[in-house]
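K.L.:
This is the structure I have questions about; it appears just below.
The values are calculated or read from the model by the stated rules, or taken from the named source; none is laboratory data. Nothing here was measured: the structure is a model prediction, and the numbers come from that model. As a convention, Cβ positions derive from the backbone with ideal geometry for all residues, glycine included, and neighbour counts pool all protein chains shown.
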């Protein structure tokens, strides 16, 4: 890339690994999930690439492919984007009685995404850039290095990830999401009946379906047959209530969608204890941040009040002074929901190559 003029010497020096160490495999417990049949916590496999030979190269690839995710038709940045989408749906009028809601989950998307699909999805996105530097070819070669040289150590043995990508490398979300963008395009070509709304946050999908239950089952059959030995999709389907990204979405008798905070049954109220050694500003920000989240999500003020009361009680159980909690949730409670949904969160600074 240096000889091609795609990068400068400073970037080349940065990408050359030094003082490297082997990636390590570990599992992250899914505390938000139910236990398995033996009562054990389900876990998420992660390969820590900190200090690994491909760490900086993965960061380099991610820098160029991550902005392309936002150009996908299905892209939503976060739950706030979903709430804005729901508001726009309500602005069009009530939903007809035959319209149902659905959610779809891409099971183990990162390690299951076929490499040929992921690479092709990234290639297509890079080819559509208005400014193609570094070149698509060089970035694809860097991506292949990250995928093929993802070696790690576990329990005294040495392994290489050969399917999809592991959870851990910085380029993994972009690779998997752009691969899913290609899957979505294949789906629209294959399906005679399509949803009227479809949005995706990484591996979680929400949408509206006006064609009935049996047609949706056929739709899911087509989706699961696109990559039958690699990608698996599970779903929930309901006419009245469905949960998505911490939001409970409900349809009223009049056909309008309302939103409430969704708390999973596995919630353990494990907020940081107030007597921990974290700074008081960190501890105080928990009540404020959670109150902002409640105010943003809940479309009904009665649900705002109920959830703020639950938050107050939960934090009190963790040693937070009642007066301090009331003080921190008072201001968000006075803010208008529309102003919270219109505000933009601060953008995290990213290294410039």
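K.L.:
Out of region 183-229, which residues are free of Cβ contacts under 8 Å to residues at least 12 places away in the same chain, part of a loop (DSSP other than H, G, I, E, B) and closer than 20 Å to residue 121 by Cα?
P.N.:
If the condition is that a residue be free of Cβ contacts under 8 Å to residues at least 12 places away in the same chain, part of a loop (DSSP other than H, G, I, E, B) and closer than 20 Å to residue 121 by Cα, then 225, 228, 229 are the ones that fit.
K.L.:
Quick check on my filter: what residues within region 30-43 are touching a strand residue (DSSP E or B) at 6+ places or on another chain (Cβ under 8 Å) and more than 18 Å from residue 155 (Cβ to Cβ)? Step through it out loud before you land on a result.
P.N.:
Keep residues of region 30-43 that are touching a strand residue (DSSP E or B) at 6+ places or on another chain (Cβ under 8 Å), which gives 30, 41-43.
Across region 30-43, the qualifying residues are 30, 41, 42.
K.L.:
I've got another one for you. With the checklist (1) under 15 Å from residue 227 (Cβ atoms); (2) touching a strand residue (DSSP E or B) at 6+ places or on another chain (Cβ under 8 Å); (3) surrounded by 21 or more Cβ atoms within 10 Å (Cβ to Cβ) in hand, flag the one item residue 184 doesn't pass.
P.N.:
(3)
K.L.:
For region 239-279, which residues satisfy the criterion of being out of contact with any helix residue (DSSP H, G or I) (no Cβ under 9 Å at 6 or more places or on another chain) and more than 24 Å from residue 83 (Cβ to Cβ)?
P.N.:
268, 270, 275, 277, 278, 279
K.L.:
Right, something else. Failed condition for residue 219, given (1) surrounded by 16 or more Cβ atoms within 10 Å (Cβ to Cβ); (2) over 30 Å from residue 115 (Cα atoms); (3) touching a strand residue (DSSP E or B) at 6+ places or on another chain (Cβ under 8 Å), with all others met?
P.N.:
Of (1) surrounded by 16 or more Cβ atoms within 10 Å (Cβ to Cβ); (2) over 30 Å from residue 115 (Cα atoms); (3) touching a strand residue (DSSP E or B) at 6+ places or on another chain (Cβ under 8 Å), only one is false for residue 219: (2).
K.L.:
Picking from 240, 269, which residue would you name as being touching a strand residue (DSSP E or B) at 6+ places or on another chain (Cβ under 7 Å) and loosely packed, with under 14 Cβ neighbours inside 10 Å? Working first, answer last.
P.N.:
Values: 269 fails: touching a strand residue (DSSP E or B) at 6+ places or on another chain (Cβ under 7 Å).
The match here is 240.
K.L.:
Here are the criteria: (1) under 21 Å from the mean Cα position of the chain (by Cα); (2) at pLDDT 95 or above. Tell me which single one residue 311 does not satisfy.
P.N.:
Of everything listed in (1) under 21 Å from the mean Cα position of the chain (by Cα); (2) at pLDDT 95 or above, residue 311 misses just condition (1).
K.L.:
From the list 117, 95, 72, which residue is within 30 Å of residue 7 (Cα to Cα) and buried (at least 21 other Cβ atoms within 10 Å of the Cβ)? So that I can check it myself, show each step before the final result.
P.N.:
Values: 95 fails: within 30 Å of residue 7 (Cα to Cα); 72 fails: buried (at least 21 other Cβ atoms within 10 Å of the Cβ).
Sole residue among the options that is within 30 Å of residue 7 (Cα to Cα) and buried (at least 21 other Cβ atoms within 10 Å of the Cβ): 117.
K.L.:
Scan region 80-100 for residues that are within 23 Å of residue 176 (Cα to Cα) and out of contact with any helix residue (DSSP H, G or I) (no Cβ under 7 Å at 6 or more places or on another chain) and report the count. Let's see the steps before the verdict.
P.N.:
In the first step, residues of region 80-100 are kept if they are within 23 Å of residue 176 (Cα to Cα); the result is 80-82.
In the following step, the residues that additionally are out of contact with any helix residue (DSSP H, G or I) (no Cβ under 7 Å at 6 or more places or on another chain) were identified as 81-82.
Of the residues in that region, 2 qualify.
K.L.:
Let me ask another. Considering (1) part of a helix (DSSP H, G or I); (2) farther than 30 Å from residue 341 by Cα; (3) without any contact (Cβ under 8 Å) to a residue 12 or more places away in the chain, say which one residue 67 fails and leave the rest.
P.N.:
(2)
K.L.:
Moving to a separate point now. Test residue 296 against the stated conditions and say whether it is out of contact with any strand residue (DSSP E or B) (no Cβ under 7 Å at 6 or more places or on another chain), under 26 Å from residue 236 (Cα atoms) and at pLDDT 95 or above.
P.N.:
For residue 296, the condition - out of contact with any strand residue (DSSP E or B) (no Cβ under 7 Å at 6 or more places or on another chain), under 26 Å from residue 236 (Cα atoms) and at pLDDT 95 or above - is met.
K.L.:
Next question, about the same structure. I'm checking my understanding of the structure. Among residues of region 272-284 that are within 12 Å of residue 324 (Cα to Cα) and free of Cβ contacts under 8 Å to residues at least 40 places away in the same chain, which one is surrounded by the fewest Cβ atoms within 10 Å (Cβ to Cβ)? Explain how you work it out, then say what you get.
P.N.:
In the first step, residues of region 272-284 are kept if they are within 12 Å of residue 324 (Cα to Cα); the result is 274, 280-281, 283-284.
From what is left, the residues that are free of Cβ contacts under 8 Å to residues at least 40 places away in the same chain are 280-281, 283.
On the way: 280: 9, 281: 7, 283: 21.
Only one residue fits best here, namely 281.
K.L.:
Specify the residue that is farthest from residue 174 (Cα to Cα); the eligible residues are those in region 101-113 that are out of contact with any helix residue (DSSP H, G or I) (no Cβ under 7 Å at 6 or more places or on another chain) and buried (at least 17 other Cβ atoms within 10 Å of the Cβ). Walk me through it before giving the result.
P.N.:
Taking region 101-113 first, the residues out of contact with any helix residue (DSSP H, G or I) (no Cβ under 7 Å at 6 or more places or on another chain) are 101, 103-105, 107-108, 111-112.
Now restrict to residues that are buried (at least 17 other Cβ atoms within 10 Å of the Cβ): 101, 103-104, 108, 111-112.
Details: 101: 27, 103: 21, 104: 19, 108: 15, 111: 13, 112: 14 Å.
By that ranking, first place goes to 101.
K.L.:
Check region 325-345 and report whether any residue there is modelled with pLDDT of 90 or more, loosely packed, with under 12 Cβ neighbours inside 10 Å, more than 30 Å from residue 13 (Cβ to Cβ) and more than 27 Å from the chain's Cα centre (by Cα).
P.N.:
no
K.L.:
Can you find a residue in region 27-48 that is in a helix (DSSP H, G or I) and either out of contact with any helix residue (DSSP H, G or I) (no Cβ under 7 Å at 6 or more places or on another chain) or over 26 Å from residue 270 (Cβ atoms) (or both)? Steps first, please.
P.N.:
Here is the first cut: in region 27-48, the ones in a helix (DSSP H, G or I) are none.
The answer is no, given that none of the residues of region 27-48 is in a helix (DSSP H, G or I) and either out of contact with any helix residue (DSSP H, G or I) (no Cβ under 7 Å at 6 or more places or on another chain) or over 26 Å from residue 270 (Cβ atoms) (or both).
K.L.:
Right, next: Please determine, by comparing only the residues of region 31-54 that are surrounded by 15 or more Cβ atoms within 10 Å (Cβ to Cβ) and within 21 Å of the chain's Cα centre (by Cα), which one is modelled with the lowest pLDDT.
P.N.:
Among residues in region 31-54 that are surrounded by 15 or more Cβ atoms within 10 Å (Cβ to Cβ) and within 21 Å of the chain's Cα centre (by Cα), the one modelled with the lowest pLDDT is 49.
K.L.:
Count, please, the residues in region 157-182 that happen to be under 12 Å from residue 47 (Cα atoms) and in a helix (DSSP H, G or I).
P.N.:
The qualifying residues number 1.
K.L.:
Within region 79-131, work out how many residues are out of contact with any strand residue (DSSP E or B) (no Cβ under 7 Å at 6 or more places or on another chain) and assigned to a loop (DSSP other than H, G, I, E, B).
P.N.:
Counting residues in region 79-131 that are out of contact with any strand residue (DSSP E or B) (no Cβ under 7 Å at 6 or more places or on another chain) and assigned to a loop (DSSP other than H, G, I, E, B) gives 13.
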